[in-house]
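Asks: Here it is, the structure, as C-alpha cells.
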Amino acid sequence: MAHTLPDLPYAADALAPHISAETLEFHHGKHHAGYVTKLNAAVEGKPYSSMTVEELVERIDEIPESARTAVFNNAAQHFNHSFYWKSLSPSGGGEPQEAVAEALNEAFGSFSGFQEAFTKEAAGHFGSGWVWLVQNKDGALTVVGTHDADCPLAHGQKPLLTVDVWEHAYYIDYRNNRAGYLDGFWNLVNWDFVAENLG
C-alpha cells in the first residue's frame, strides 16, 4: 500500500492573510510531500508495507530496529501534517461550542484558560516540533508538546488539535516571529474537526 499526499481541504490561498499560498506551496507541496516519498521508500517491499500510517506510528516497536527511525520519523510527520491541515479552516477561529466548549471548560477552567496554556506551550517550545490538545485514556484533556516528529499516537493519547511549530510552518510569512504565527493560528482553528475527534 503506497502512502499518498492528501489534497489540502481548501484552496492554497484560502488561509490568507494568516498563512499564505506560498507557505502552503512549500509546506504541503514540498515538506509534507517529501515525508510521504521517504516513507514509501522506507517501507517498500517490507512486511510492514501494508500497515496504515497510524499503525506504523502506534506499533513502531514491531518495526526492525535498523529501519525504525526512518519509518517513525516519516510516518509520524505524514500523520502530523495531515492532521494539521484539518486543524485549520478558512471559516475557523472564534470559540468552540457545545461539547468542545464544555470539555475545555472542565479541563482548563475556561476557553481563555485553554488558549493561554496552548499558546504558552507553543511559544515556548524549544526547537522543532508540535503542540497538541490531546485526550488521555482516562478521557481528560491536556496540552502537550512533542519534539521533531513525535506524535501523541505513540504515547497512547488521542489528538484533537495541533499546531506545527517547525520554522518551515511560518518562516516565509512571519520570519522568526512565532508569536505572530500563533496569533494567526487562532483565526483558523477548525473547531468542527476538534469536535469530530472528541466524539
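Asks: Return a yes/no flag: does the stretch 61-83 have any residue that is without any contact (Cβ under 8 Å) to a residue 24 or more places away in the chain, crowded, with 21+ Cβ neighbours inside 10 Å, over 16 Å from residue 36 (Cα atoms) and in contact with a helix residue (DSSP H, G or I) (Cβ under 7 Å, 6 or more places away or on another chain).
Replies: Among the residues of the stretch 61-83, at least one is without any contact (Cβ under 8 Å) to a residue 24 or more places away in the chain, crowded, with 21+ Cβ neighbours inside 10 Å, over 16 Å from residue 36 (Cα atoms) and in contact with a helix residue (DSSP H, G or I) (Cβ under 7 Å, 6 or more places away or on another chain), which makes the answer yes.
Asks: Would you point out which residue out of 112, 89 is at pLDDT 95 or above and either surrounded by fewer than 18 Cβ atoms within 10 Å (Cβ to Cβ) or of a type in the set (Phe, Trp, Tyr) (or both)?
Replies: Of the residues listed, the single one that is at pLDDT 95 or above and either surrounded by fewer than 18 Cβ atoms within 10 Å (Cβ to Cβ) or of a type in the set (Phe, Trp, Tyr) (or both) is 112.
Asks: May I ask you to list the residues in the stretch 159-191 that are closer than 30 Å to residue 61 by Cα and crowded, with 16+ Cβ neighbours inside 10 Å?
Replies: Once the filter is applied, which keeps residues that are closer than 30 Å to residue 61 by Cα and crowded, with 16+ Cβ neighbours inside 10 Å, the stretch 159-191 yields 159, 160, 161, 162, 163, 164, 165, 166, 169.
Asks: Does residue 131 qualify as being in contact with an Asp or Glu (Cβ under 7 Å, 6 or more places away or on another chain), buried (at least 22 other Cβ atoms within 10 Å of the Cβ) and either outside the structural domain of residue 73 (by TED's automatic domain parsing) or of a type in the set (S, T, N, Q) (or both)?
Replies: In short, yes.
Asks: Within the stretch 128-151, does at least one residue satisfy the condition of being among the basic types (Lys, Arg), over 30 Å from residue 2 (Cβ atoms) and not in a helix (DSSP H, G or I)?
Replies: Scanning the stretch 128-151 turns up at least one residue that is among the basic types (Lys, Arg), over 30 Å from residue 2 (Cβ atoms) and not in a helix (DSSP H, G or I).
Asks: Let me ask another. Assess whether residue 50 counts as being in contact with a strand residue (DSSP E or B) (Cβ under 8 Å, 6 or more places away or on another chain) and in contact (Cβ under 8 Å) with a residue 12 or more places away in the chain.
Replies: Spelling it out, it is not the case that residue 50 is in contact with a strand residue (DSSP E or B) (Cβ under 8 Å, 6 or more places away or on another chain) and in contact (Cβ under 8 Å) with a residue 12 or more places away in the chain.
Asks: Of all residues in the stretch 183-198, which are outside any helix (DSSP H, G or I) and either without any contact (Cβ under 8 Å) to a residue 40 or more places away in the chain or hydrophobic (A, V, I, L, M, F, W, C) (or both)?
Replies: Those that are outside any helix (DSSP H, G or I) and either without any contact (Cβ under 8 Å) to a residue 40 or more places away in the chain or hydrophobic (A, V, I, L, M, F, W, C) (or both): 186, 188, 189.
Asks: Taking the conditions exactly as written (within 30 Å of residue 173 (Cβ to Cβ) and aromatic (Phe, Trp, Tyr)), does residue 10 satisfy them or not?
Replies: Yes: the conditions hold for residue 10.
The values are calculated or read from the model by the stated rules, or taken from the named source; none is laboratory data. Keep in mind that this is a model prediction, so the values were computed, not measured. No Cβ is skipped: glycine too gets one built from the backbone with ideal geometry, and neighbour counts run over all protein chains shown.
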